[in-house]
Amino acid sequence: MSILVTGGAGYIGTHTCVELLKENYEVVVIDNLSNAKKEALNRVEKITKKPIKFYQDTVLNESALEHIFQENRIDCVVHFAGLKAVGESVSNPLLYYENNVKGTITLLKVMKKFNCKNFVFSSSATVYTAENPILINEDEPLGANNPYGRTKLFIEYMLKDLYASDSSWNIAILRYFNPIGAHPSGLIGENPNGIPNNLMPYIMKVATGELPCLGVFGDDYDTPDGTGVRDYIHVVDLAKGHVLAIEKYSEPGVHICNLGTGVGYSVLDIVKAFERVNGVKINYEIKDRRPGDIATCYADPSRAKKELGWVATRGIDEM
Ligand code: WQD
């Protein structure tokens, strides 16, 4: 089976390519390298000692996608390619709707043309409304409060409508909670351009001295230590969930699954674990709450266990 991984040079994409290659899938990657480096794919090949066929292009380029499907027997597409900075999506929504939504439409049209109907979509816990209970299962109400989250939500609705129009599609919608950590080789990991939006890459830049101090966005939430609580999941566990989704979701349908640990950790839990495991001190100061943040959120991962036989096994120290 040949798997096309869009955005395969990115953080979650590279870790998923490693797990796919380890399972002897042939991997083809399309990535425009807007937030990734080709070197990351060279390191995936180094880790696995297996080749990746790489096309530097965007999923918005219909003829480039057709060329890939003409040159390769693609059996399934894992779709990571997309923009994901919440703040940037607020200041530049059209960029997000064009890249994420129009890019997915173009990809699905080419898949249909080549009769490739197996699709794994990288969705996000951001599609759940902020009013949901703390422990979130897949049937909770949906609603996004920023353009980035709305692109994920709109794509989910598009996929459900696509299946309703043609029940030969086999679609997996995987909703990630907070991916952190890296492959144990240390050769691949998260290395976003610019000032990181997310907690862990920011901590890492403070640890390396690239940034002076971590701002903790609020310590007056209704949580054990007052700081925000999230469901952090090791990116290798997340990557393994994708391989299982390809293997277990073999029948047509729309299969929706949370990928989280079901355990919540606070910002200060993460800071303290990072300091303990790495023997470093992380300077931080308490700042105002970040608009749009909620106090606590973590997954009910029971459907992934039941349907995929998947459980996150890596704990906070390994992350
Ligand atoms: C985690 C916690 C912050 C940065 C986001 C997206 C979501 C998904 C995952 C793509 C919160 C606190 C953070 C900092 C801080 N991405 N924090 N100082 O907001 O849970 O989810 O990333 O799908 O769509 O919304 O993750 O890492 O930004 O924040 O105190 O410099 O860390 O308040 O409590 P979040 P995050």
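Test of understanding: ordering Thr208, Thr14 by Cβ neighbours within 10 Å, fewest first, what list do you get? Don't skip to the answer; put the middle values down first.
Numbers: Thr208 9, Thr14 31.
With the fewest neighbours first, Thr208, Thr14 line up as Thr208, Thr14.
Out of residues 5 or more away from Tyr176 or on other chains, whose amide H comes under 5 Å of its own, with H placed 1.01 Å from N in the peptide plane?
Answer set, sorted by chain and number: Ser123, Ser124, Ala125, Leu259.
List the residues whose amide H sits under 5 Å from the amide H of Val120, counting only those 5 or more places along or on another chain, with H placed 1.01 Å from N in the peptide plane.
Amide H to amide H, under 5 Å and 5 or more residues apart or across chains, Val120 pairs with Val77, Val78, His79, Ala172.
I want the local charge near Val110. Using Cβ-Cβ distances under 10 Å, sum +1 for each Lys or Arg and -1 for each Asp or Glu among the other residues.
Combined, the nearby Lys, Arg, Asp and Glu give +1.
Relative to the longest principal Cα axis of the chain, at what angle does helix 267-278 sit, 0 to 90 degrees, rounded to 10?
90
Quick one: angle between helix 38-48 and the longest Cα principal axis of the chain, in degrees between 0 and 90, rounded to 10, please.
80
HN-Hα J couplings of the range 199-209 from phi, Karplus 6.51/-1.76/1.60, θ = phi - 60°, integer Hz, Gly and Pro as x?
These are the phi-based 3J(HN,Hα) values: 4, 5, x, 5, 4, 5, 6, 6, 5, 8, x Hz.
If I build a Gaussian network model for the chain, linking alpha-carbon pairs within less than 10 angstrom, which residue out of Gly218, Gly149, Gly82 has the largest mean-square fluctuation?
The residue with the greatest mean-square fluctuation here is Gly218.
In the structure shown, do any of Lys37/Lys102; Lys160/Lys306; Lys46/Lys112; Lys49/Lys272; Lys84/Lys109; Lys113/Lys305 have a Cα-Cα gap over 29 Å, and if so which?
With Cα atoms farther than 29 Å apart: Lys46/Lys112; Lys49/Lys272; Lys113/Lys305.
Angle between the Cα long axis of helix 103-113 and the longest principal axis of the chain, 0 to 90 degrees, nearest 10?
Relative to the chain, helix 103-113 is tipped by roughly 30 degrees.
Among residues other than Ile134 whose Cβ falls under 12 Å from its Cβ, what is the net charge (Lys/Arg +1, Asp/Glu -1)? Mind dumping the intermediate values first?
Details: positive: Arg230; negative: Glu131, Glu140, Asp222, Asp231, Asp300.
Cβ neighbours under 12 Å give a net charge of -4.
Springs between alpha-carbon pairs under 10 angstrom, Gaussian network model over the chain: which of Thr296, Thr223, Thr16 fluctuates most?
Comparing Thr296, Thr223, Thr16 in the GNM, the peak value goes to Thr223.
When the Karplus curve 6.51 cos²θ - 1.76 cosθ + 1.60 is applied with θ = phi - 60°, which whole-Hz ³J(HN,Hα) does each residue of the range 114-123 get, with x for Gly and Pro?
9, 6, 9, 10, 9, 9, 10, 10, 7, 9
Counting only residues 5 or more places away or on other chains, whose amide H sits under 5 Å from the amide H of Val29 once H atoms are built in the peptide plane?
For Val29, whose amide H was placed from the backbone, the distant partners under 5 Å are Val5, Lys53, Phe54, Tyr55.
Each residue of the range 281-287 in turn: what ³J(HN,Hα) in whole Hz from Karplus with 6.51, -1.76, 1.60 and θ = phi - 60°, glycine and Pro shown as x?
9, 10, 6, 9, 9, 6, 10
Specify the residue with the greatest mean-square fluctuation among His234, His255, His242, computed from a Gaussian network of the chain linking alpha-carbon atoms under 10 Å apart.
Answer for the Gaussian network model of the chain: His255.
For Asp288, Asp31, which order do you get if you count the other beta carbons within 10 Å of each Cβ and list the fewest first?
Asp288, Asp31
No value in this document is a laboratory result; all are computed from the given coordinates. The structure presented is a predicted model; accordingly, all values stated were derived computationally and were not measured. We place every Cβ from the backbone using ideal geometry, glycine too, and count neighbours over all the protein chains shown.
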